[in-house]
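Scroll down for the structure; my scribbles are underneath it.
Values in this text are rule-based calculations from the coordinates and carry no lab data. Every value quoted in this text rests on a predicted model; they were computed, and no experiment measured them. Quick reminder, even Gly has a Cβ in these numbers, built from the backbone with ideal geometry, and neighbours come from all protein chains shown.
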Amino acid sequence: MSTRNTAAEKLLLQMVDDYTAREVAPLDMAIDHAQDYPEGFMKKLTETGFLGLMLPQEFGGAEFGPEVTATVLNHLARGNASTAVTLEGHFKTIDQILKFGTPALKQALLPSANQRIFAFSMTEASGGSNPMGISSTATREGDHWVINGDKIMITNGGLAQVYCVLVKTAPDQLSVFVVDQDMPGFSFGKREDFIGLRGTPVGEIMMDHIIVDDDHLLGHLGDGGLIGDSAHDDARILMGAVLTGIMEHELKIATDYAKERKAGDKPLTELQVTHRKVADIAMRKETTKLLYQRAAQLKAAGQPYSEEAAMAKAHGSRAAVAAGDDALQILAGYGYSREYPVEHLIRDARAMEIAEGTVEKMRSAIATAEFQK
Amino acid sequence: MKIVVCIKQVPETNDVTIDPKTHNLDRRGLAGVMNPFDKNAVEQALQFKATTDAQVVLLSMGPDDYAQSLREGMAMGADSGVLLSDRAFAGADTLATGYVIAKAIEKIGDVDLVIFGRQAVDADTGQVGPIVAEFLQQPQITYAATLRLSGPNEVTAERLLEDTKQTLVAQLPAVVSVRSELNPPRYPTPRNIQLSFEKPLTIWHHDDLDLDDSRLGQAGSPTIVTKVYAPKPVKRELTPLTGTPQEAASQLIKALKDRQLL
Amino acid sequence: MSKPELWVVAERRLDHIEPTTQQLITKANQLAGDRFHVVAVLLEATTDHLEDELTTYGPDEIRVVRDDRFPTATDAELADALKQLVDAAQPNTVLFGATITGRSIAPRLQAKLQTGLTADCLDLRFDDDTLVATKPSYGDNIMCEIICPDRRPQMATVRPNTFAAQPTPNGAELTTAKVDFHPVTRLHVTAATPVVNTATTVGDASRVVALGRGAASAATIDAATQLAERLGGRIGVSRPLTDQDRFTHDDQIGQSGNTIHPDLILNFGISGAVQYLVGMQDSQTIVSVNSDPNAPIFAASDYGYVGDAQAFMTALLGQFA
């Protein structure tokens, strides 16, 4: 079995690297400049089966485990981080349906999850850090639920077709329902004009009297906080992987440039200032990689991974911004130019100091976990 | 309908080096992948499979680790794979390779169409397709730029010669080698990669085929590689052009006039 | 004792002889000295006179076989005809151009003869009567010398434009031979249309403006196009540029692409990977412009300028005007 898994993983990564080199990396600059994926880009990604990467085979997926899934996003992000983050948003949502959904809900939703993008939405305009502060509601009317409220800052908002939404089912009770874009009362709002990860749409949905049955409830009433935390944990592992990919990209740009260039009559590769920066980028990349792989291993083994997932994201996001800064400095004027990718890699990495919980919140979570030991 | 696609496993990159001591090719550390040109052949077979009830069998000759590229082709969508693996086959040139491949196609049986990629990116010969066609006594269409099933038992192909576009019609069974312009090959999807491990991959050894031993491996190969080396470019005496682009351009124009090139 | 025969199988290209055939005859003459009898083997229609285009290059003999079915014959039919000729004359060596046609017929003939064939050769020489064929592998990164010690004839296909064709005043003896044409009924050529726009390839051009990674912007390519027009030449590219929509592998120099030897080549933004250098090193005059003074291309050039490719092209175009 393990030989087979190794062989399958090898074939998969070979395909992912090939796909990244041909279909993703050449569009990296264009995606950033256009603030969107080009026509047909998501269609091809879908046809090539990426949406079903970790989906169980019984629902038409490939059923690769947490470690392989994260590694795939790491490799994809070497070509374009937005693409990997779009998949991250989708996978973390599927993960919650797998963990908390009833067999009927899974059967209803998951067979389409290799064709349709799923998204998880918690944040509202009233502020993201306190879930109890949200104002969206699901109220009981007869034998169904009526959902009202607006959600913002949704990864893949506008691109995704299925949304897990955090709502209040009582003044002190948070629950998650699943809605889809075809339901009466569902509409899309504006797309954010963010400075980084510009391919990944981040947008708003409006829910005006959407009527759903009990079977659209994810988990139990009152599970909202639990599911939200779980979604964060799963997302953070994948973000660690994306950040590793960004740093690998930064490292490649820096070393390629250093190998070609001279300062005066000395190659950049012989200057100590270059050594220091390149070594720092490489160490940041490698530590982040170890962190996300460790968290993914724990998840695969069924052990707690929340703290390690937070570390992967908190360390990785700061590391990737700093690594980008070092790479920019090696390229100097070229690094500062929008003609070269370094500056957008910094902007891309910067998003992940905020998304799925700020670096500050991560540190609190890590410290709290340490105090409890 | 049964289609056999012949594939070869090649090193992942062509950046091979020569061992300075042994003067042999150093292929260590190079991962094996399916020859990129063969993917076009697999894609064509899969397109036929989509519109007919065709069964697509992949065939390769090489050591046991060539199973990897057969698996890759099955992950693209081929139904099964056959690997011809035996120490007796080692060291074969195109003639000895073509012989064993043709024998295996005969053993597979009832094969309507054999498709090859235009050539392998490592050896760059493109010879095995025509050799197999000759051994099977079947018509061949090489370097097909388009290929379609034009009748129940017939394929039509276009091929671009140096100055001529030809249309050819072949009655099946036939052997076709295809150009890379033919199609963009599909990627194996993650799900199909997993499912490919449920598909049959058969290994045939020497005794599984009816073979004339004198035609196998090194003994059956008329050609011998006597020397392998990295090409060394010829050095020339460089005259630098200097100054601004304008100054350098006028120096060049004068030089080219002196050489009667302008 | 008659001398062993060294054959060049003549290839038709529309209503003419494929230039590679003439190049091969010149090479065969040089290889033969007085040890081999050089024969150009020509399969043509009864009304054709393609031998006129071979005589100029002076093989010892042009052996003509005529049948009106030859011009549209398929690979297997031509291989069958050649097999009969080989059986009758027992040549020592049979050479083909490594054109699409040559690379299709030669292996089919090889299988019939159960002998050795070396593909796409870049050099040929004889050790006694054994042909030593130099064949590139791994995308021209590696050269192999290959022999066929025990079986005859020994065969090779030779990459177009590897050798230069030289007319000689020697003339050639014209002979005819006969074969039985065995039609293959299961394969037909139903249409053949001349394709005009590939008539001049980068391999045929006498002036080449070559572009690499350092000269890949749209503005630079536009300037290069003007320059190529002004010189009466063509644009060629190194491997990285074949990824661009406007270039294909047909435009590529080196690396399984075209080996070229124009009178003049101007290299812009090409650093000079080994396979590229080998692909163009037989050019008469080599000029290179690159922003990196250490680019290997300079060591293989007659004239070099360290600087920006587009600025140099603009300056050059300005001074032509």
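What the table shows:
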item	result
From the C-alpha gyration tensor of chain C, square roots of 5λ in Å	39, 21, 18
Folded to 0 to 90 degrees: helix A:272-300 orientation relative to chain A principal axis, Cα	30 degrees
Span from the segment C:146-216 Cα centroid across to the segment A:272-330 one, whole angstrom	57 Å
Max mean-square fluctuation residue, GNM over chain B, Cα-Cα springs under 10 Å, options B:Gly73, B:Gly117, B:Gly151	B:Gly151
Within segment A:118-223, percent of DSSP bridges classed antiparallel, to nearest 5	85 percent
Mean Kyte hydropathy of -1.0 or more with a Cα span along the axis of at least 18 Å, helices from DSSP in chain B	B:36-51, B:94-108, B:245-258
Evaluated over segment A:274-324, the Cα radius of gyration and Dmax, each in Å	12.4, 42
Shape metrics for segment C:35-91, restricted to C-alpha atoms - Rg then Dmax, Å	12.0, 35
Stokes-Einstein D in µm²/s, Kirkwood radius over Cα pairs - segment B:4-107 at 10 °C with 1.306 mPa s viscosity	107 µm²/s
Considering only the protein assembly as shown, percent of DSSP beta bridges that pair antiparallel, nearest 5	45 percent
Value in Å of the Kirkwood radius, where the protein assembly as shown supplies the Cα pairs that are averaged	31.4 Å
Principal-axis tilt of helix C:75-89 within chain C, Cα atoms, nearest 10 degrees	60 degrees
Rg and Dmax of segment A:140-262, Cα atoms only, in Å	19.6, 75
Semi-axis lengths, Å, chain A, gyration tensor of Cα atoms, sqrt of 5 times eigenvalues	37, 21, 20
Chain B - mean residue ellipticity at 222 nm from DSSP helices (-39,500 (n - 2.57) per run, n ≥ 4, rounded to 500)	-8500 deg cm²/dmol
Flagged links, alpha-carbon separation over 22 Å, of A:Lys92/A:Lys151; A:Lys44/A:Lys252; A:Lys262/B:Lys232; C:Lys3/C:Lys135	A:Lys44/A:Lys252; A:Lys262/B:Lys232; C:Lys3/C:Lys135
Over segment A:2-112: Rg over Rh, Cα atoms, Kirkwood Rh	0.99
Value of [θ]222 nm, deg cm²/dmol, for chain A, DSSP H segments ≥ 4, -39500 (n - 2.57) each, nearest 500	-17000 deg cm²/dmol
For segment A:226-371, alpha-carbon Rg relative to the globular expectation (2.2 N^0.38 Å, N residues)	1.15
For C:140-153, mean number of other protein chain Cβ atoms within 10 Å	5
Helix axis angle, C:218-231 relative to chain C longest principal axis, alpha carbon, degrees	60 degrees
Value of [θ]222 nm, deg cm²/dmol, for chain C, DSSP H segments ≥ 4, -39500 (n - 2.57) each, nearest 500	-7500 deg cm²/dmol
Distance between segment B:46-115 and segment A:114-174 - C-alpha centres, whole angstrom	53 Å
Share of alpha-carbon pairs per 5 Å distance bin for segment B:115-262, given as whole %	2, 6, 8, 10, 11, 11, 11, 9, 8, 6, 5, 5, 5, 3, 0
Ranking of B:Lys49, B:Lys103, A:Lys43 by count of other Cβ atoms within 10 Å, fewest first	A:Lys43, B:Lys49, B:Lys103
Most mobile of B:Arg215, B:Arg118, B:Arg71 in a GNM of chain B (Cα contacts under 10 Å)	B:Arg215
Sorted by Cβ density within 10 Å, fewest first, the residues A:Met132, C:Met155	A:Met132, C:Met155
Calculated SAXS-style log₁₀ I(q)/I(0) at q = 0.10, 0.15 Å⁻¹ - segment B:2-215, Debye, Cα scatterers	-0.42, -0.95
Sorted by Cβ neighbour density within 10 Å, fewest at the top, the residues B:Ser180, A:Ser317, C:Ser271	B:Ser180, C:Ser271, A:Ser317
